[in-house]
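Just so you know, all these numbers are worked out from the coordinates, no wet-lab data involved. Bear in mind the structure is a predicted one, so any value in this text is a computation, not a measurement. Cβ coordinates were reconstructed from backbone atoms using ideal geometry, including for glycine residues, and neighbour counts include every protein chain displayed.
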Amino acid sequence: GISDEKKGKVFHRFEKLDEFAQGTGLGLSICKAITEAMGGKVGFESVYGEGSLFWAIMPCEPEVEDIAKEPSTTKSGQTGQTTNTSEAKHQQSTSARPTVLVAEDIMSNYLLISVMLRKQFDILHAMNGYEAIEMVKKNHIDLILMDMKMPKMDGLTATAEIRKFNPDIPIAALTAHAFESDKIAAMTAGCNEYLIKPVDKSKLMAVLRKYCLHTEP
């Protein structure tokens, strides 16, 4: 259980109520951020010496397809083929969406960013710096969210490599460290922006508006 004087700190970043347990104190903060980004809420009940119950409530909006309705179609005069106009509009709107590459090896961090962005952006996911470099070479990407600590190749190295063949693509560093020295290192490697984890949605969207969006989200 959790004592009353510590209950207010449970969801704080880098807060460890048990110094003997492994971790950085980010797990519950990330859970809270993901749940609230989805329009839900989290909480807990705890009695010291007995135990704790944590809960999360998230809204569910199921999509129901009406198969009884025939889709409206338009005929292409030269080929005689039919095209679903609603599908065409969807394809046009999808292709017009900016593409964001998220280079992040921790799945919970990636899912948090994905929840924030998936309504307005197409998202690609790289698990390390090597994958990020290859994706930039093979895809049109409007912005990279680059984790600074990844296995095989870290974000600093990957950013420096990308800058050798693409000096213009916007890159925003993602890091759990708020030290000025880390920010300087990221900017020196070629990053345009610097965001601290867990990512604040308003700050993330400000970066995306600056480089990708022409209208308010």
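Along the charge dipole of region 111-217, pointing to its positive end and built from +1/-1 on Cβ of Lys, Arg, Asp and Glu, which listed residue (LEU156, ILE133, LEU111) has its Cα farthest out?
Going by the Cα projections, it comes out as LEU111.
What FRET efficiency comes out for the pair THR188/GLU134, r = Cβ-Cβ distance, R0 = 25 Å, nearest 0.05? Walk me through the numbers before you get to the answer.
Details: r = 24 Å, r/R0 = 0.94.
E(calc), rounded to 0.05, equals 0.60.
Taking amide H atoms as placed 1.01 Å from N in the peptide plane, list the residues 5 or more away in sequence, or in a different chain, whose amide H sits under 5 Å from that of LEU124.
Under 5 Å from the amide H of LEU124: VAL100, LEU101, VAL102.
Efficiency by 1/(1 + (r/R0)^6): what FRET value for LYS152 and ARG97, r their Cβ-Cβ distance, R0 = 30 Å, to the nearest 0.05? Display every interim value, and only then the final one.
On the way: r = 29 Å, r/R0 = 0.98.
It comes to 0.55.
Work out from phi, with θ = phi - 60° and the Karplus expression 6.51 cos²θ - 1.76 cosθ + 1.60, the ³J(HN,Hα) of each residue of region 147-152, listed in order in whole Hz, and give x for Gly and Pro.
Ordered by residue, 3J(HN,Hα) equals 5, 7, 10, 9, x, 6 Hz.
Which pairs break 31 Å Cα to Cα here: LYS9/LYS183; LYS7/LYS183; LYS32/LYS164; LYS41/LYS149? Write out the running numbers ahead of the final one.
Details: LYS9/LYS183 27 Å; LYS7/LYS183 33 Å; LYS32/LYS164 38 Å; LYS41/LYS149 29 Å.
Cα-Cα > 31 Å for LYS7/LYS183; LYS32/LYS164; rest within.
Of the listed peptides 102-111, 173-182, what is their order by residue-averaged count of other C-beta atoms within 10 Å, with the highest listed first? Can you show the working numbers first?
Details: 102-111: 19.6, 173-182: 15.8.
So the order, starting with the most tightly packed, is 102-111, 173-182.
Name the residues whose placed amide hydrogens come within less than 5 Å of the amide hydrogen of TYR194, ignoring near sequence neighbours (fewer than 5 apart) on the same chain.
ALA173
Would you mind computing, in nm to one decimal, how far apart the modelled labels at VAL47 and ARG209 are, each placed 7 Å from Cα along Cα→Cβ?
4.8 nm
Under the Karplus relation 6.51 cos²θ - 1.76 cosθ + 1.60, θ = phi - 60°, what is the ordered set of whole-Hz ³J(HN,Hα) values for region 114-124, x standing for Gly and Pro?
Each residue's phi maps through the Karplus curve to give 4, 4, 5, 10, 5, 6, 10, 9, 8, 10, 10 Hz.
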